[in-house]
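The structure appears below as structure tokens.
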Amino acid sequence: MFPFVAIAIAVLVGVVVLEAVSSVSLNRIPSVATEEFPEIDRELLEKFSSFDPELGWCPQPNREKQKDTGDHLPGEEVRTTVTYSTDDHGSRVCPAADRDDDADLTVSTYGDSYCFCREVDDDETFQHYMAERLDTHVGNYGGGNYGLDQALLRLERNYPEDPTDYVFVVVTASSIARILSVWKHYQEFGNVLAVKPRFTLEDGDLERIESPVDEKSDLLDLESNADFLRERDFHYEHWFRPHLASRPYATDFLDDAEKVRYALLEAGIEIEKRLGRPIPGIDVDFDRAQTRSALRMERPRVRYHERLFDTHEPLFDALIGRFVDYAAENEFVPVFVMVQQLRYAKYEAERGPIYGDLLDRLDDRYDALETVDMARRLSPADEDVESLYVDRGEGGHYSPATNRAVAEVLSEVVDE
């Protein structure tokens with residue numbers, strides 16, 4: 001009798017341990033949601049210095065931040081950082097040319113983190129290189145995680161204070177998902193501080209839905225707005241609920257070998273941090289391997305975004321129409337630029353753009369609009385799309401060399 005009891009206890013302990021390990025692992029995997037309303041730490045909220053009641057968040061004026069690029073081994077001294085600086089307009093600093101109210105040519109850019117040029121220094125942004133090429137200041141009003149909707153709202157708020165002859169709106173294809181979002185956590189799990197306004201299309205007209213968060217402290221009690229968020233955020237039903245893990249967690253964890261691989265790589269990173277050096281006898285760059293694992297897990301999201309272009313392109317189109325109308329009212333040249341995130345670049349290298357011939361259709365529809373499809377204009381070295389992006393750090397943003405090539409393409413638009 002005793003052996004059977006011992007075996008039963010051992011099995012029970014094994015199940016409990018597996019369930020606990022699975023729960024902890026799922027919490028660290030970016031493609032899995034583990035709870036709808038995670039508790040928001042007050043210390044984290046205090047660090048959220050970019051909160052903006054109108055836009056959700058926005059780079060603040062006269063700030064300088066340094067970011068560790070991750071270009072070092074665990075325990076080593078930080079070798080490289082990137083510097084993000086903003087001027088008194090909240091635009092990222094453009095070292096190549098100061099503002100000049102009497103300049104013959106003026107240029108500004110609005111968009112997401114690819115417009116902001118995350119992961120490179122102030123003098124490595126495409127705006128800096130454009131300023132060198134055009135001999136004029138180029139404003140950089142990009143915002144991390146912005147959708148096309150937020151880029152336009154920031155344009156409409158900023159333009160009266162900083163009018164320019166040319167306005168470039170620069171976003172990635174993920175904007176098709178971002179314009180359907182109110183709370184980013186429902187589509188980008190863990191992004192719990194990002195609550196934003198959005199637009200809907202009602203009988204062909206854009207209707208604005210304001211953010212339910214008026215004060216930063218309101219973020220501590222988002223659950224009180226649960227009905228509002230669930231009803232107005234498209235992704236709650238179509239992405240969040242299908243990816244919400246539930247007990248038994250072991251089933252959700254073990255059903256995908258990539259999740260297990262990601263968790264093992266995470267464990268390797270943690271061990272190296274504790275040792276302060278690489279694990280003896282294991283020649284693996286855990287950071288790089290984990291980034292590639294995360295990209296593989298991103299494939300379903302890319303396919304989801306591809307479907308959104310089929311179902312919600314009219315909303316995207318209407319926002320472009322709003323941009324064109326605002327340009328006509330203020331007499332500037334509107335230019336729309338689609339750039340590629342790394343997760344799209346690898347997918348699209350095999351299947352073509354997830355947005356199809358959207359830019360060609362926009363060209364046909366809006367005579368006043370200039371469009372640039374950067375995927376068609378950039379030539380990666382040896383056809384390796386990863387060569388266009390930064391090597392280390394968070395990954396996924398254009399390298400300084402690619403930003404220089406982007407600047408050349410966009411400057412040609414002005415020359416023409």
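Values in this text are rule-based calculations from the coordinates and carry no lab data. Owing to the predicted nature of the structure, the values given are computational and were not obtained by experimental measurement. Glycine also receives a Cβ, built like all others from the backbone with ideal geometry; neighbour counts cover every protein chain displayed.
Tabulated data
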quantity	calculated
Segments 177-185, 275-283 sorted - mean Cβ within 10 Å per residue, highest first	177-185, 275-283
Antiparallel DSSP beta bridges within segment 42-415, as percent of all bridges there, nearest 5	40 percent
Per-residue ³J(HN,Hα) for segment 185-202, Karplus 6.51 cos²θ - 1.76 cosθ + 1.60, θ = phi - 60°, Hz, x for Gly and Pro	4, 6, 10, 10, 3, x, 7, 7, 8, 8, 10, 9, x, 8, 10, 10, 10, 10
Highest average packing first - 188-200, 137-149, Cβ atoms within 10 Å	137-149, 188-200
Ratio Rg/Rh [Cα only; Rh per Kirkwood] for segment 289-399	1.02
Cα-based convex hull, segment 245-288, per residue volume (Å³, whole number)	92 Å³
Residues with amide H under 5 Å from that of Thr371, placed H, sequence gap 5 or more	Phe336
The chain: translational diffusion in µm²/s, Stokes-Einstein, Kirkwood Rh over Cα pairs, 10 °C, 1.306 mPa s	69 µm²/s
In sequence order, calculated HN-Hα J values of segment 291-297 (Karplus, 6.51, -1.76, 1.60; Hz; x Gly/Pro)	4, 5, 5, 4, 5, 5, 6
Integer Hz, Karplus 6.51/-1.76/1.60 couplings in order for segment 103-108, x for Gly and Pro	5, 6, 9, 10, 9, 9
Whole-number percent relative contact order across segment 42-415, with pairs defined as alpha carbons under 8 Å at least 6 apart	19 percent
Inter-label distance for Arg261 and Phe228, nm, one decimal - labels placed 7 Å from Cα along Cα-to-Cβ	4.2 nm
Amide proton proximity set for Gly139, modelled H, under 5 Å, gap of 5+	Val107, Ser108, Thr109
Calculated log₁₀ intensity ratio I(q)/I(0) where the Debye formula runs over C-alpha points of segment 198-303, q = 0.13, 0.21, 0.22 Å⁻¹	-0.80, -1.11, -1.15
Asp205/Ile9 FRET efficiency (R0 60 Å; Cβ-Cβ; nearest 0.05)	0.35
